[in-house]
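The values are calculated or read from the model by the stated rules, or taken from the named source; none is laboratory data. These numbers were taken from a predicted model, which means no experiment stands behind them. Methodologically, a virtual Cβ is constructed for each residue, glycine included, from the backbone with ideal geometry; neighbour enumeration extends over all protein chains shown.
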């Protein structure tokens, strides 16, 4: 897991998620109830843990004239860091 603005994050299938809570599988949590309680849209499972997550949507850049410009792509490098690709003007 990586830290982003003080939150744990997971990169999974080219999407970045905020981890809201982790619970061990052996505790047999009621996954649907936890998902609803934490307002999560995704639950991932790895190494005996459930990760209750929220997808971080793609960013939109807002320029000085209150017009929005969408980022074309978000790519990841080998270190799982986000690199934004901006459209040239």
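Within the range 32-42, is there a residue that is part of a strand (DSSP E or B) and surrounded by 11 or more Cβ atoms within 10 Å (Cβ to Cβ)? Yes, some residue in the range 32-42 is part of a strand (DSSP E or B) and surrounded by 11 or more Cβ atoms within 10 Å (Cβ to Cβ). Within the range 43-89, being part of a strand (DSSP E or B), more than 16 Å from residue 12 (Cβ to Cβ) and either at pLDDT below 70 or under 13 Å from the mean Cα position of the chain (by Cα) (or both) holds for 68, 69, 70, 73, 83, 84, 85. Those residues that are out of contact with any strand residue (DSSP E or B) (no Cβ under 8 Å at 6 or more places or on another chain) and under 10 Å from residue 49 (Cβ atoms), I need them from the range 13-26; list them, please. Scanning the range 13-26 gives a single hit, 26.
Within the range 2-31, the set of residues being surrounded by 13 or more Cβ atoms within 10 Å (Cβ to Cβ) and part of a loop (DSSP other than H, G, I, E, B) comprises 29 only.
Of the residues making up the range 7-42, those that are more than 11 Å from the chain's Cα centre (by Cα) and at positive phi number 2.
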